[in-house]
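Participant: One structure is given below, represented as structure tokens, and several questions about it will come after.
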Amino acid sequence: MRDDQLLRYSRHILLDEWGVEGQERVNASHALIIGAGGLGSPVALYLASAGVGRISLVDNDHVDVTNLQRQIAHTQARVGQAKVESLRAAMSAINPDVHISTHAMKADATLLHSLVPQADVILDCTDNFEIRHAINLACVTHGKPLVSGAALRLDGQLAVYDTQHTESPCYACVFPPTQNFEETRCATMGVLAPLVGVIGSLQATEALKILSGMGSSLRGQLMMFNAQHMEWQTLQTHRQAHCPVCSSLRR
């Protein structure tokens, strides 16, 4: 690393669990962030500030004034701009060394199967059940770790799905695609602004642990957080023998 990089990342390098080697791994890594809104904002800002070498952003939405209550990467001046471009501007202002690619389009199967194999970690920051399953399928198919976050009203969820490990379930093991979920959005149900910051920050933490090689990931667990009562609950999750997505990986 250059001298200026050693200075920039010094507070991470000082961590015994991270060190120079961990920072070099992070600098050489590639993260794919799908969703540039409430969760994607803190995820992208923290990964950029930590020095993730390449970050790809996917979102087909534009900045709206109603986003500004919680989507902290966007500003009043960028209302109407594509969210991925607004987010890229915020990230570059923090760390110009990060190579950022943007895809202002829906995360469909074709795009996912093109981008997922190139990344070292995928972060699902979306709010759409169908897209979540498409992301999961691409991650299982290409053997990539998925860091999944969700936030609505006063409740948040966090999980890591990494089927490279035989005991780890995929997203479809925990939330089967055949299950009927009522599609709910922040636009109709509301969401507490700091909640997306809490969950997004934890997503970034899990991604950085994976990329740096520090500690163990959250795979096999589903963390749930209620902001109203400041309560955390962790559930153990398991790979399902008849999962329509990852059952073929069983040995």
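Participant: Only one residue in Gln236, Gln221, Gln157 is touching a strand residue (DSSP E or B) at 6+ places or on another chain (Cβ under 9 Å) and within 16 Å of Gly35 (Cβ to Cβ), so which one is that?
Facilitator: Details: Gln236 fails: within 16 Å of Gly35 (Cβ to Cβ); Gln221 fails: within 16 Å of Gly35 (Cβ to Cβ).
Checking each option against the conditions leaves just Gln157.
Participant: What tally of residues in the stretch 46-66 results from selecting those that are surrounded by 22 or more Cβ atoms within 10 Å (Cβ to Cβ), out of contact with any helix residue (DSSP H, G or I) (no Cβ under 6 Å at 6 or more places or on another chain) and either modelled with pLDDT under 95 or more than 21 Å from Leu112 (Cα to Cα) (or both)?
Facilitator: 0
Participant: Could you give me the residue pairs with C-beta distances under 8 Å whose first residue belongs to the stretch 100-118 and is acidic (Asp, Glu), whose second residue is outside any strand (DSSP E or B) and open to solvent by 20 Å² or more (accessible area, probe 1.4 Å) wherever it lies, and which are 6+ apart or on separate chains?
Facilitator: Pairs that qualify, where the first residue is acidic (Asp, Glu) and the partner is outside any strand (DSSP E or B) and open to solvent by 20 Å² or more (accessible area, probe 1.4 Å), are Asp108/Ala134.
Participant: Residue by residue through the stretch 126-147, note down the ones that are open to solvent by 10 Å² or more (accessible area, probe 1.4 Å) and either among the hydroxyl-bearing types (Ser, Thr, Tyr) or within 23 Å of Asp61 (Cβ to Cβ) (or both).
Facilitator: If the condition is that a residue be open to solvent by 10 Å² or more (accessible area, probe 1.4 Å) and either among the hydroxyl-bearing types (Ser, Thr, Tyr) or within 23 Å of Asp61 (Cβ to Cβ) (or both), then Thr126, Asp127, Asn128, Phe129, Glu130, Ile131, Arg132, His133, Ala134, Leu137, Thr141 are the ones that fit.
Participant: Output yes when any residue across the stretch 21-32 is part of a helix (DSSP H, G or I), open to solvent by 30 Å² or more (accessible area, probe 1.4 Å), modelled with pLDDT of 95 or more and hydrophobic (A, V, I, L, M, F, W, C), and no when none is.
Facilitator: Scanning the stretch 21-32, I find no residue that is part of a helix (DSSP H, G or I), open to solvent by 30 Å² or more (accessible area, probe 1.4 Å), modelled with pLDDT of 95 or more and hydrophobic (A, V, I, L, M, F, W, C), so the answer is no.
Participant: Look at Ile135 and say whether it is within 28 Å of Leu192 (Cβ to Cβ) and at pLDDT 95 or above. Before the answer, list the steps.
Facilitator: On the way: within 28 Å of Leu192 (Cβ to Cβ): yes; at pLDDT 95 or above: yes.
Yes: the conditions hold for Ile135.
Participant: Restricting the search to the stretch 153-173, which residues are among the hydrophobic types (A, V, I, L, M, F, W, C) and open to solvent by 40 Å² or more (accessible area, probe 1.4 Å)? Give the derivation first.
Facilitator: As a first pass, look at the stretch 153-173 and keep what is among the hydrophobic types (A, V, I, L, M, F, W, C): 154, 158-160, 170, 172-173.
Matches in the stretch 153-173: Leu154 only.
Participant: In addition: Going through Ala93, Ala150, Ala119 one at a time, which residue ends up being modelled with pLDDT of 95 or more, open to solvent by 50 Å² or more (accessible area, probe 1.4 Å) and either touching a strand residue (DSSP E or B) at 6+ places or on another chain (Cβ under 9 Å) or closer than 27 Å to Ala50 by Cβ (or both)?
Facilitator: Answer to the selection: Ala93.
The values are calculated or read from the model by the stated rules, or taken from the named source; none is laboratory data. Keep in mind the model is a prediction, meaning the values are calculated, not measured. All Cβ positions, glycine included, derive from the backbone under ideal geometry; neighbour counts span all protein chains shown. The protein model used for the area step is the full one, side chains on, heavy atoms only, and it has no ligands, DNA or RNA in it. Shrake-Rupley method; radii C 1.70, N 1.55, O 1.52, S 1.80 Å.
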